[in-house]
Amino acid sequence: MRKTIMRLGLAGGVMLGLAACSDPYSPGQRAVGGGLLGAGVGAGVGSLSGNAGTGALLGGAVGAAGGALTTPERPRDPYYGAPYGAPPPGAYRGYGY
C-alpha cells in the first residue's frame, strides 16, 4: 500500500511539473494535455465497469477535443495591437524599417 501511494504521488508531481511547462494558448498542447487527462480518467472509470482500454480511448478522444476547442485567444500587446510574440508592424526579422 505504501509503494502505491508513493508511486501515485510521484506520478502526480511529474504531471504537475509538466503541466507548468505548457503554453495555455496553443491548441495542440491543450489537445495533448486534455487527451492525457481524459485517458487517465477514462481508464479509471472504465476499470470499474470492466474495460479500462475502451474507457481510456473514449476519454482520451473526448479530452483531446475538449482541450483543443476550449483554447483561449492569445492576449494582444497593448502597444502594437498584435498578439504577444509577433513582430511589430513594419518590422523585418526584428529590425524596424
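Numbers for the structure displayed
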quantity: Selection within segment 28-60 - open to solvent by 70 Å² or more (accessible area, probe 1.4 Å) and not small (Gly, Ala, Ser); calculated: 29, 30, 32, 36, 37, 41, 45, 48, 51, 57, 58
quantity: Residues of segment 1-33 classified as out of contact with any Ser or Thr (no Cβ under 8 Å at 6 or more places or on another chain) and assigned to a helix (DSSP H, G or I), total; calculated: 21
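The values are calculated or read from the model by the stated rules, or taken from the named source; none is laboratory data. All of these numbers come straight from a predicted model, not from anything done at the bench. Virtual Cβ from ideal backbone geometry, glycine too; neighbours counted across all protein chains shown. Ligands, DNA and RNA are stripped out before the accessible areas are found, and what is left, the full protein with its side chains, is counted by its heavy atoms. Shrake-Rupley method; radii C 1.70, N 1.55, O 1.52, S 1.80 Å.
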